[in-house]
Every structure is written in C-alpha cells, then in structure tokens.
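To start, the structure itself, in structure tokens.
The values are calculated or read from the model by the stated rules, or taken from the named source; none is laboratory data. This is a predicted model, so every value here is computed, not measured. Ideal geometry is used to build each Cβ from the backbone, glycine not excepted, and the neighbour counts take in all protein chains shown. Heads up: the accessible areas ignore ligands, DNA and RNA and are worked out on the full protein's heavy atoms, side chains in. Shrake-Rupley method; radii C 1.70, N 1.55, O 1.52, S 1.80 Å.
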Amino acid sequence: MELYDVMRTTGAAREFTDATVPAATLHRILDHARFAPSGGNQQGWHVTIVRDRAIRRRLGELSATTWARYLAESIAGYRSYNPVHPAPADLAVPDGLPANAMLDHLEDVPEVLVVSVDLRVLAVLDKDLDRFSVVGGGSIYPFCHNVLLAARNEGLGGVLTTFVVASEPEVVPLLGLPEGHALVAMICLGEPVHQPTKLKRNPVESFATIDRFDGEPFTV
Ligand SMILES: Cc1cc2nc3c(=O)[nH]c(=O)nc-3n(C[C@H](O)[C@H](O)[C@H](O)COP(=O)(O)O)c2cc1C
C-alpha cells in the first residue's frame, strides 16, 4: 500500500474472521515495526505473543473488569481514567453494563500481543515536573503504532488496547515480566471482518497554530 493510504486507513478493528495470521506475516510485521524511534534508540520494547488459551482468558477477564469501570466512569459523566479530573475511587460499577465482545472472546482473536517496556532504559524528560508524566510513552507507542500500520499494509487489522495495563500487578506474574518492566498495551491482530477505510479525525486547522497555542490556525 501507499504510505499515506496506510496512515489514513489504519483504524481500530476489534472483530476478526477465523483466518489465522501466518507466522511469517507476523514476523514481517514485527520486523518492520522495530524501525520505530525511541529515546536514545534504546528500543526497550518486548512483545509477548500470547497463544495459551488460559492466559488469554485471564487477560480478557482482567481487561473486562477495567472496561466495566471505564464505562461506569463515562456514564457518571467523567472522562474515564483521566488523571487531571479523576472519578472518585469509590464510584460504584453497576451490574448489567454492556459486554465487550472482543475481550469476552479473547481466546478466539487470531493473535494477541502484549507489549511491555524496560523502564530502566527510558529517559523521561518530564519526570520532575509537577504534573502527570507523558514523555515515557513516546519511546514505546510509536513501536505499537508501527505494528498496526504494518498489519494494515499486510491486509490485516487490529487494535491497541490498554485496559489490561490497569491490572499490571496480576499480569506481571502471569506473563513472567522481569522486575523493572512495565505493561504498555495489548494489541489484537487478525483479518478484520470490516476493514475501516474512513476515519473520523479533526482537520489540521483545529490543532495546528502559528507561533503560539492561541495563534492563527495553520492553513494553506
Ligand atoms: C493509547 C491508546 C489506548 C487505547 N486503548 C484502547 C482500549 O483499551 N480498548 C479499545 O478497544 N481501544 C483502545 N484504543 C483504540 C482507540 O479507541 C481508537 O484508536 C480510537 O477510538 C480511534 O478509532 P478509529 O481508528 O477506529 O477511528 C486505544 C488507542 C490508543 C492510542
């Protein structure tokens, strides 16, 4: 595919056919994704390809618990899991919330990749600021997105999910993550039932300005 086409059509796919992902294809995806940038070129990523059904079930259950809380916070009027305006910790999670089909059938997803990062190689330039830190993610999420871009280029699709990260203490022993490694994402991949082609995104003028945040919108 042409690069711009891939960039403009790599949407979140959460429903997959039964088609398996050939090992050579998955290897090729990772072999291209590894050219992602990272601070100091430290490449602190690790990909655990989870095939064991019992482990997948546990990852699905843990993710589904967080999904329920995410929904409950949203229904209560909060931006879910927001660090600036957090929902109260004791917010009740009601019964009967909509299920998350992909998480409930995680065993059947063609490939499940859990991405982790070695925290000891990160340089986090905002770590001492008096606000929530974001820079560390910049050394690992470009790699994750490269996986999705490469999958799209292979005619596959997928989604990056972070629900499981909230359960890191349970996932660390489940996957045998070494000390000092953190969960980043769970990426589900496969042949999508529907390949998204038209993504809803804001125009350049809505987020790019000249000289100052409140400057003129950048247009051509
Ligand atoms: C950091 C990050 C975390 C995300 N976490 C989840 C998640 O936990 N579950 C999920 O279904 N999608 C997750 N997504 C996918 C987003 O929901 C998706 O990219 C967004 O809604 C745009 O969807 P579209 O590309 O289909 O338009 C995540 C995406 C990013 C970049």
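Using a 1.4 Å probe on the protein chains only, how many percent of the accessible area of the chain belongs to carbon and sulfur? It would help to have the intermediate numbers written out before the result.
Working: 7460 of 13400 Å².
It is 56 percent, rounded to a whole number.
How many percent of the alpha carbon pairs in region 52-120 exceed a separation of 14 Å?
65
With each run of n ≥ 4 DSSP H residues scored as -39500 (n - 2.57), what mean residue ellipticity at 222 nm is computed for the chain after dividing by its residue count and rounding to the nearest 500 deg cm²/dmol?
Calculated from helices alone, the mean residue ellipticity at 222 nm is -9000 deg cm²/dmol.
Scan the chain and note any complete DSSP helix (H) whose C-alpha atoms cover at least 30 Å along its axis and whose Kyte-Doolittle average is -1.0 or more.
53-75
Could you state how much accessible area His27 has, in square angstrom rounded to the nearest 10, with a 1.4 Å probe and all protein chains kept in place?
Counting only protein heavy atoms, the figure is 130 Å².
Report Rg(Cα)/(2.2 N^0.38 Å) for region 147-216, keeping two decimals.
Taking the Cα Rg and dividing by 2.2 N^0.38 Å, one obtains 1.65.
Give me the number: length gained by fully extending Asp90 to Ser133, i.e. 0.36 nm times residue separation minus the C-alpha to C-alpha distance, one decimal in nm.
Separation in residues times 0.36 nm, less the Cα-Cα distance, equals 13.0 nm.
Please work out the average accessible area per residue across region 97-220, using the 1.4 Å probe convention, and give it in Å².
Heavy-atom accessible area per residue stands at 57 Å².
Can you tell me, using C-alpha contacts under 8 Å and at least 6 residues apart, the relative contact order of the chain as a whole percent?
34
When the chain is modelled as a GNM with alpha-carbon springs shorter than 10 Å, which of Ala151, Ala89, Ala99 fluctuates the most?
Sorting by GNM fluctuation, first place goes to Ala89.
Within region 70-141, report the trypsin sites (Lys or Arg not before Pro) that DSSP leaves as loop and that have at most 13 other Cβ atoms within 10 Å.
Those satisfying the criteria are Arg79, Lys127, Arg131.
Rg/Rh for region 108-163 to two decimals, with Rh computed the Kirkwood way over all alpha-carbon pairs.
1.07
Considering only Leu103, Leu119, Leu91, give the residue with the highest GNM mean-square fluctuation for the chain, with springs between Cα atoms whenever their separation is below 10 Å.
Leu91
List, largest first, the extents of the alpha carbons of region 54-198 along their principal axes, each in whole Å.
44, 41, 37
For the chain, with a Gaussian network of springs between Cα atoms less than 10 Å apart, report the residue from Ile55, Ile75, Ile140 with the top mean-square fluctuation.
Checking each option, the largest mean-square fluctuation is seen for Ile75.
Calculated FRET efficiency, Asn82 and Arg201, Cβ-Cβ r, R0 25 Å, to nearest 0.05?
The formula returns an efficiency of 0.75 here.
With a sphere of radius 13 Å drawn around the Cβ of Gly158, what net charge do the other residues whose Cβ falls strictly inside it have (Lys, Arg +1; Asp, Glu -1)?
That works out to -2.
So how far apart, in nm, are the two label points at Glu2 and Leu71 if each is 7 Å from Cα heading toward Cβ?
4.1
With r as the distance between the Cβ atoms of Asp126 and Thr219 and R0 = 45 Å, compute the FRET efficiency 1/(1 + (r/R0)^6) and round to 0.05.
For Thr219 and Asp126, the calculated efficiency is 0.90.
Keeping all protein chains in the complex and leaving out DNA, RNA and ligands, what accessible area do you get for Tyr70 with a 1.4 Å probe, in Å² to the nearest 10?
70
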